[in-house]
Amino acid sequence: MNVFRLRLMAHFLGFGGYVPEQIMTNADWAQLVDTSDEWITQRTGIKQRRFAAPDESTLTLAANASRVTLSDAGLDARDIDEIIVATDTPELYTPDTSALLQEELGCRNIPTYDLGGSGCAGFVQALDVARARIAFEPRKILIVGVELISRMMDWKDRATAVLFGDGAGAVVLGPEGSRARLLDVVSGTEGRYADILTLASGGTRNPFNELTLASGDYNRIVMDGRRVFIEAVRRMSEASAQVLDKIGKKVADVAMVIPHQANLRIIEAVGKKLGLSDDQMYVNVHEYGNTGSATVPFALHEAVQKGLIAKGDLVLLTAFGAGFHWSAAAVQF
Ligand code: COA
């Protein structure tokens, strides 16, 4: 029997990101809801986040991050063969943000699609999809993680609103390159926890209408914070260990982990479970809060830009989000 083995590996050709200018501090939140800098800092490590200006949208955030990424890759929009946008806060329900981004960037009539609804895990899941696409047929794929959560959340709900921020990050993956190689990805989903972290309005189960809008619940993010915390630590550390196992490496080989930036305590707990020191866990949650599927690509872009990753470094990316979905990727620089 002929066994067909896929040989093409995905390489990172460019990194980029964008965050809006407007800063919202914990003190600003304390003016609006019953909270304090002390509570938010102690529980989450977040000090401030960025919020989009009225003339910005999911599309403009995604386009800004994409342009930085294309420039970093030395590519023109017309060089891109496919686009994946990971977002839970799309520009429109239909068509998806990726189609609008294709037009905005001036790409050819290439296929594009959104990976929506997987919460903060969307970008790393998208890497998993993209590497399989590249393995079958060489192509350059622009992958964007973007959220404009500030326009979709309930500003009166202190338990969720203070956690989030707006932003976008992106990469280009292609079949050949010399900067970093995507060695492997592990992904998983446990759908029985769908109700523990959800924005349940607006779909066919609970469509927007006069009643749902009048209830005031239409933008309520439902979250059991403690369960999310426990599962996030467990799944990100397990997936990281699994992807290392798959590539035959040990924790001692890892230079840095770029985890989903939801909460400093979650990041520290993942590091501890893996046996890594705090300074091996990349952290920027204090500056940007939780930007959903944008956290990992934006942090990756920042770490590269700051020169924190050296040639030869093995870097893990890991994320966890609503679903629950989780993923971990191993990247060889
Ligand atoms: N300011 C002040 N008090 C707040 C508050 C805020 N912003 N938000 C909640 N509280 C209150 C609660 O009402 C509760 O009060 P009570 O004891 O009188 O009922 C108290 O603080 C403790 O709430 P609790 O939810 O038990 O706190 P916690 O230690 O679990 O921390 C989270 C809450 C949300 C910070 C924490 O659970 C967490 O980070 N979970 C993960 C969330 C996450 O990452 N989500 C995105 C996943 S991708």
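The values are calculated or read from the model by the stated rules, or taken from the named source; none is laboratory data. No experiment lies behind these values; they were computed from the predicted model shown. Please note: Cβ atoms are built from the backbone with ideal geometry, for glycine as well, and neighbour counts cover all protein chains shown. Each accessible area value is taken on the protein alone, full model and side chains, heavy atoms only, with ligands, DNA and RNA left out. Shrake-Rupley method; radii C 1.70, N 1.55, O 1.52, S 1.80 Å.
Numbers at a glance
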| item | result |
| --- | --- |
| Candidate lysines for bridging to Lys156, where Cα separation is under 20 Å - those fewer than 8 sequence places away on the same chain excluded | Lys47 |
| Nearby aspartates and glutamates by direct alpha-carbon distance to Lys311 (threshold 15 angstrom, same-chain neighbours under 8 apart not counted) | Asp253 |
| DSSP-loop chymotrypsin sites (Phe, Trp or Tyr not before Pro) across region 32-117, with at most 14 other Cβ within 10 angstrom | Tyr93 |
| Accessible area per residue, Å², the chain with all protein chains present, probe 1.4 Å | 45 |
| Partners for Lys273 among aspartates and glutamates (Cα-Cα distance below 15 Å; same-chain residues under 8 apart left out) | Glu231, Glu238 |
| MRE, 222 nm, helices only [DSSP H, n ≥ 4, -39500 (n - 2.57), over the chain, to nearest 500] | -10000 deg cm²/dmol |
| Residue order for Ser57, Ser98 - accessible surface, 1.4 angstrom probe, largest first | Ser57, Ser98 |
| Rounded Å value of the spacing that divides the Cα centres of region 182-247 and region 1-70 | 17 |
| Relative contact order, percent, region 183-332 [alpha-carbon distance under 8 Å, six or more residues apart] | 35 |
| Selected from Ala53, Ala121, Ala255 as most flexible by GNM, with the chain as the system and alpha-carbon contacts under 10 Å | Ala53 |
| Most mobile listed residue (Asn284, Asn206, Asn263) in the chain, GNM with C-alpha springs under 10 Å | Asn206 |
| Excluding exposed DSSP-loop trypsin sites (Lys or Arg not before Pro) (at most 12 other C-beta within 10 Å), longest clean stretch of the chain | 8-107 |
| Mean-position separation - Cα centroids, region 124-155 and region 267-311, in angstrom | 18 |
| Protein accessible area in the chain, 1.4 Å probe - carbon and sulfur % | 51 |
| The chain, relative contact order in percent, only Cα pairs under 8 angstrom and at least six apart counted | 26 |
